[in-house]
Amino acid sequence: ATLAEHIAEDEAAMFGRLPDRDLVAAFADGVTSLLFPDGRDAPRTAAGIHAELESRCRQLVPVLAPLKDKLTTSPEEIAHAFHVSLPAIHEQLTLDAEAIEAGDPAAHGTAEVVLAYPGFLALAFYRIAHSLHGLGVPLVPRMISEIAHGRTGADIHPAARIGRSCCIDHGTGLVIGETAVIGDDVKLYQGVTLGALSVSKAASGTKRHPTIEDRVVCYANATVLGGDTIVGSDSVIGGNVWLTHSVPPYSLVYHQSQVRVRTVAEVADPTDYVI
C-alpha cells in the first residue's frame, strides 16, 4: 500500500469524524460575547438576547454532529440542556469577574476585567467546557479548553471542579488538572500548578489532583500535587512552594530563600564578559 493509503487507514481507525476546530472556537466565542457583550452592538432587549442565545445554542448541533455515535443523547437535546445551563454559567462568570476586579488594584471595574483580562477569558471558556463535559460531550470540552490555553496561557481541564468567585490573576502558566477540586473565593496567581504526583496511565480515572478549600490564595509558581493533598480553607501558599501533603486550615506555607546584595566591585572578575 502507498503512504497515502496508510495515512488514510490510520486516520479512519484513530479519529473517524471529528468536530471542526473553527466551529468549536466560534461557538465558544459566540456564547461568551452574548453573555458579556463588548459594547459594539446597540443596546439589546431581553427578548432579543434570549433569541440570540437560543440561536447560538442551536449552533452547537453541527459542532456535535460528528460525535453523535458517541453521545448518550441527541445533539439537539444536548444543545437544549446547554441552553438551560446558561443562567448558571452567567451567574458564575459574573461572580468571577467581580472577584478578579476586587482582587486586583490595577483593575478599574468589571468591564475592564471582561474585556481585557486573560484570567476571565480562561474561566469563561472553562465554565462553558465544564457544562458540556457534565452533559457527557466528549472531545469538544477539551478543544475549548485548549483554545483558551492557546490564548491565555492558562490550562484548565474541563472536568476540574471550580467553585464560585474564582480569581485568576494573570493566568500565564496556570495548570489545573482533571480531578482538581477548588472551593469558593480562591485566588490563583500565574504559574500555579495543581497537578498529579504521578503521570502513570494506570492512574487514569482516580483522584490524582489536589483539593483547594475555600478562600485559599496560591501565589506565583506554587506547585501543589497529589489527589490526597488538601489545602485547608483560609490558607496561603507562597510563591515557589512545592507541596505534596495536606495542610490544615489557616496555614501559611512559604519557601524560604537567601538573597544576598553586594556591590559590583565585590564580585568583579577579570574574566567577566558581556554578550
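The values are calculated or read from the model by the stated rules, or taken from the named source; none is laboratory data. Here the structure is a predicted model, which is why all the values come from computation and not from measurement. In this analysis, Cβ positions are derived from the backbone assuming ideal geometry, glycine residues included, and neighbour counts consider all displayed protein chains. All accessible areas refer to the heavy atoms of the entire protein, side chains included, with ligands and DNA or RNA removed. Shrake-Rupley method; radii C 1.70, N 1.55, O 1.52, S 1.80 Å.
Would you confirm whether any residue within the stretch 40-58 is touching a residue at least 12 places away in the same chain (Cβ under 8 Å), closer than 18 Å to Met143 by Cβ and in a helix (DSSP H, G or I)?
Within the stretch 40-58 (the criterion being touching a residue at least 12 places away in the same chain (Cβ under 8 Å), closer than 18 Å to Met143 by Cβ and in a helix (DSSP H, G or I)), the answer is yes, since at least one residue qualifies.
Out of all the residues in the stretch 152-166, is one or more of a type outside the set (D, E, K, R), assigned to a helix (DSSP H, G or I), modelled with pLDDT of 95 or more and on the phi < 0 side of the Ramachandran plot?
yes
Test Arg142 against the stated conditions and say whether it is assigned to a helix (DSSP H, G or I), closer than 28 Å to His83 by Cβ and charged (D, E, K, R).
Answer is yes for this residue.
Each row is one residue, and each column tells you yes or no for (1) modelled with pLDDT under 95; (2) surrounded by fewer than 18 Cβ atoms within 10 Å (Cβ to Cβ); (3) in a loop (DSSP other than H, G, I, E, B); (4) acidic (Asp, Glu).
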site	(1), (2), (3), (4)
Gly205	yes, yes, yes, no
Asn221	no, yes, yes, no
Gly239	no, yes, yes, no
Ala265	yes, yes, no, no
Pro270	yes, yes, yes, no
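Gly171 passes all but one of (1) part of a loop (DSSP other than H, G, I, E, B); (2) open to solvent by 20 Å² or more (accessible area, probe 1.4 Å); which number fails?
Looking at each condition in turn, Gly171 falls short on (2).
Is it the case, given these coordinates, that Ala65 is closer than 24 Å to Val181 by Cα, open to solvent by less than 40 Å² (accessible area, probe 1.4 Å) and assigned to a helix (DSSP H, G or I)?
no
In the stretch 202-225, what residues are touching a residue at least 12 places away in the same chain (Cβ under 8 Å) and of a type in the set (A, V, I, L, M)? Write out each step before concluding.
Keep residues of the stretch 202-225 that are touching a residue at least 12 places away in the same chain (Cβ under 8 Å), which gives 206-225.
Matches in the stretch 202-225: Ile212, Val216, Val217, Ala220, Ala222, Val224, Leu225.
Looking at the stretch 72-89, is at least one residue open to solvent by less than 70 Å² (accessible area, probe 1.4 Å) and closer than 15 Å to Phe120 by Cα? First the steps, then the outcome.
Pass one, the stretch 72-89, residues open to solvent by less than 70 Å² (accessible area, probe 1.4 Å): 73-75, 78-79, 81-83, 85-86, 88-89.
Now narrow it down to the ones that are closer than 15 Å to Phe120 by Cα: 89.
Yes, the stretch 72-89 has at least one match.
Picking from His149, His133, His209, which residue would you name as being at pLDDT 95 or above, farther than 26 Å from Ala102 by Cα and not in a loop (DSSP other than H, G, I, E, B)? Quick ask: steps written out before the conclusion?
On the way: His149 fails: farther than 26 Å from Ala102 by Cα; His209 fails: not in a loop (DSSP other than H, G, I, E, B).
Checking each option against the conditions leaves just His133.
Across the stretch 145-164, what is the total count of residues that are crowded, with 24+ Cβ neighbours inside 10 Å and either among the aliphatic types (A, V, I, L, M) or more than 9 Å from the chain's Cα centre (by Cα) (or both)?
So the count comes out to 3.
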